[in-house]
1. Within segment 72-87, can one find any residue that is exposed (fewer than 11 other Cβ atoms within 10 Å of the Cβ), modelled with pLDDT under 95 and among the aromatic types (F, W, Y)?
2. Name the one entry in R6, R31, R12 that is open to solvent by less than 80 Å² (accessible area, probe 1.4 Å), in contact with a strand residue (DSSP E or B) (Cβ under 6 Å, 6 or more places away or on another chain) and basic (K, R).
3. When K115 is evaluated against the numbered criteria (1) touching a residue at least 12 places away in the same chain (Cβ under 8 Å); (2) farther than 28 Å from I23 by Cα; (3) open to solvent by 40 Å² or more (accessible area, probe 1.4 Å), which criterion, by number, is the only one it fails?
4. How many residues, within segment 136-189, are over 25 Å from the mean Cα position of the chain (by Cα) and basic (K, R)?
5. Check Y176, Y202 and return the single one that is in contact with an Asp or Glu (Cβ under 7 Å, 6 or more places away or on another chain), crowded, with 18+ Cβ neighbours inside 10 Å and part of a helix (DSSP H, G or I).
6. Please specify each residue of segment 179-188 satisfying the condition of being of a type outside the set (V, I, T) and either open to solvent by 40 Å² or more (accessible area, probe 1.4 Å) or outside any helix (DSSP H, G or I) (or both).
7. Give segment 130-160 a look and list any residue that's open to solvent by 50 Å² or more (accessible area, probe 1.4 Å) and not hydroxyl-bearing (S, T, Y), or say none.
8. Please tell me if F90 is touching a residue at least 40 places away in the same chain (Cβ under 8 Å), surrounded by 14 or more Cβ atoms within 10 Å (Cβ to Cβ) and over 25 Å from G29 (Cα atoms).
Amino acid sequence: MQRMKRHHWIVRVTHWVNVLAIIVMVGSGLRIFNAYPAFARKGEIFCCYPFEHKPIPSWLTFGGWLGGARHWHFAAMWLLVVNGIIYLSFVYLHGEWRDLVPGKGDIRDSWQMVKFYTFRRKDHPHQGKHNALQKATYFTLPLAGVLAVLTGIAIWKPVQFAPYTALFGGYVWARYWHFLAMLIIVILSVAHVFMVFAVDPYSLPSMITGNYDPSLSPEARNARPFYHLLPRRAAPPPAAAPPSGTPT
């Protein structure tokens with residue numbers, strides 16, 4: 001088994017801190033939302049949310065009550081901000097941003113990955129550290145996090161920061177953009193976790209130890225979701241031809 005260093009310890013620590021912060025922020029944010037589970041003001045209609053006045057199931061929320069949820073939400077927000085600054089600073093200074101920023105060929109490569117996952121392509125497209133779909137996910141998540149923080153500030157003090165809140169279309173729309181940012185983070189995070197277990201479970205220990213065996217990568221296994229999960233056996237070497245003149 002050949003192992004290589006895949007993730008720096010800073011990447012690993014900030015990854016797991018993000019997991020904790022996002023879980024607390026989403027759960028407490030949904031509890032805050034349930035205090036008024038609609039975007040339209042009373043007596044008005046909001047165009048873009050079909051579940052007005054339908055609360056989120058309580059088992060998805062966190063914080064117990066509105067005040068408690070707000071305390072947890074702000075605590076997790078500061079943790080997410082500080083952790084995000086550390087992570088983004090590291091990947092920039094360490095040069096790992098090159099593995100995350102989409103390139104001009106990534107739209108083509110993303111389509112090839114979709115074809116492979118839907119069995120329309122036989123072999124796994126060649127990839128570097130991340131395939132094109134992973135890069136798009138890892139690049140979008142910090143952007144959604146930034147949007148969540150910016151809109152969160154706008155709805156935190158909508159009167160004191162009225163000109164700033166107006167940049168997002170006012171309190172109602174700022175609250176809506178905040179909700180959409182949360183939704184993007186949840187969808188991408190769930191998709192990420194699903195793909196880890198369904199395609200590349202061997203990458204999970206690398207987020208703890210930092211080490212990874214490239215012979216177990218999805219490309220080496222030609223792995224699709226729940227397909228070729230086990231390591232592929234190397235083909236036996238061909239039998240050597242008998243020497244010339246040797247009777248068979």
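1. No; the residues of segment 72-87 include none that is exposed (fewer than 11 other Cβ atoms within 10 Å of the Cβ), modelled with pLDDT under 95 and among the aromatic types (F, W, Y).
2. R6
3. (1)
4. 1
5. Every option except Y202 fails the conditions.
6. L180, L183 - these are the residues of segment 179-188 that are of a type outside the set (V, I, T) and either open to solvent by 40 Å² or more (accessible area, probe 1.4 Å) or outside any helix (DSSP H, G or I) (or both).
7. Across segment 130-160, the qualifying residues are L133, Q134, F139, L143, V146, L147, L150, I153, W156, K157, V159, Q160.
8. yes
The values are calculated or read from the model by the stated rules, or taken from the named source; none is laboratory data. Note that this is a predicted model, so its numbers are computed, not measured. All Cβ positions, even for glycine, are placed from backbone atoms using ideal geometry, and neighbour counts span all protein chains on display. Side chains included, ligands, DNA and RNA excluded: accessible areas come from the protein's heavy atoms. Shrake-Rupley method; radii C 1.70, N 1.55, O 1.52, S 1.80 Å.
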